[in-house]
Amino acid sequence: MRKLDVFKFDISKEGVKNLTSSAFSKFIKEEEINEITNSAWELIESDINFIAKLDPSQNDVKVVKTLKTKGLVATMCYRVANVLYYSSLLDNNTRAKITRDFMEQVASQTSIDIHPAAKIGKSFFIDHGANVVIGSTCVIGERCNLFNDVVLGSKNVKTAKPEKRHPTIKNDVTICAGARVLGNIIIGNNCFISPHAVVLDDVPDNTHVSIVNQLQLTKKINSLPSQKMIIYGVVPKFKNTIKILGEGFYNPTVLIKLKNEKTLNYQIIYWDKNKILVKIKNTTPLTLNQTSGAKIVVLSNADKVIVTESYGLTKALLNLTS
């Protein structure tokens, strides 16, 4: 495939047709180019309108087309490649090779790497798009917005099995800069993934996922470490066990409180200065309503820290078994 300057093509139906012809006329006929153009342009128009509605810096369709940002150019090229990838034209191997070669060229010019096999719904927007990666088995719903340096990738890069390795992102999801969403997991509808979050587990609908950034700790050589207790977060560890991550734990006490003051049977099974493992023993599984207001109170070194609205705690409590 000859090299193309993907930025030279207009953001218009005619521009998409010229792009498709320039990239694939060696392999497909004129009428087939027209079919691909029609299918791709319908989705590209929805992307353009979505950008104009969502981005204050380009809040008009004409402005969106004129600015021709790398996010839109990469998406436009992906739409063309994706339609061809899933068409009945040519044989499977040829379609896969030429569309992948094309998207590799797009990635080298836009710094946005979208596999042509990824499935992305209408009204899609990549804002400030450098270093975005979308894997081959990724599925993205409608009205989704990604920022720069987002990776929708796989946990296992060593397998060659034809299995789903990348996330499914449902409708109306925003994923902020630097986030990594990895593995065959599901991000529910209307979710917000904060900058630099690393998401490895399913996220339910209407959830805001955030991460407490690591702190820069400065101390003099040979001085004692700070005894101030800090909690980074709570994650499920084993069955019926949660792990509390932080610093400065010393002979800690943990209190788990539910919204309805329901009593739980639990105990600390291990702790060191950076983590506490709490095993929960309960005779009755809990409901989402019971766990939604759950909080953890940690006492250590005369410090008291309360963790509220923890996704890790909620998930662990919902997984309780008798």
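Nothing in this text is a laboratory measurement; each read-out follows from the coordinates by a stated rule. On a predicted model such as this, the values are computed, not experimentally measured, just so you know. With ideal geometry, Cβ positions are generated from the backbone for all residues, glycine too; neighbour counts draw on all protein chains shown.
What the table shows:
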read-out	value
Pair Asn190, Val297: separation of 7 Å Cα→Cβ label points (nm)	3.3 nm
Distant-in-sequence amide H partners of Gly233 (H built 1.01 Å from N, under 5 Å)	Leu245
Neighbour net charge for Ile242 - beta-carbon separation under 10 angstrom, K R +1, D E -1	+4
Under 18 Å from the Asn92 label point (7 Å along Cα→beta-carbon), backbone N, region 137-176	137-138, 160-165
Those residues of region 174-193 whose amide nitrogen sits under 20 Å from the label point placed on Glu142, 7 Å along Cα→Cβ	174-175, 187-192
Inter-site label distance for Asn34 and Leu4 at 7 Å from Cα along Cβ, in nm	1.9 nm
Of Lys70/Lys243; Lys70/Lys155; Lys3/Lys65; Lys170/Lys295, pairs whose Cα-Cα distance is over 30 Å	Lys70/Lys243
Alpha carbon Rg of region 141-185, scaled by the compact-globule rule 2.2 N^0.38 Å	1.23
Three principal axis lengths of region 1-102 [C-alpha, angstrom, descending]	43, 24, 20
Reachable aspartates and glutamates from Lys275, criterion Cα separation under 13 angstrom, eight or more residues apart if same chain	Glu247
Within straight-line cross-link reach of Lys29, lysines at Cα separation under 16 Å, skipping those fewer than 8 residues along the same chain	Lys17
R0 of 30 Å, Cβ-Cβ distance Asp202-Ser111: FRET efficiency to nearest 0.05	0.55
When the convex hull of its Cα atoms is projected in every direction, mean area for the chain (nm²)	21.1 nm²
14 Å beta-carbon shell around Asp10, net charge (K/R +1, D/E -1)	+3
FRET efficiency, Leu67 to Ala130 (Cβ-Cβ, R0 22 Å, nearest 0.05)	0.90
Pairs from Lys279/Lys304; Lys62/Lys122; Lys26/Lys119; Lys239/Lys281 whose Cα-Cα separation, in the structure shown, is over 22 Å	Lys26/Lys119
Straight-distance crosslink candidates among aspartates and glutamates, where the alpha carbon sits under 20 Å from Lys53 and sequence neighbours closer than 8 are dropped	Glu42, Glu45, Asp127, Glu142, Asp172
About the Cα centre, charge dipole magnitude for the chain (Lys/Arg +1, Asp/Glu -1 at Cβ), debye	1300 debye
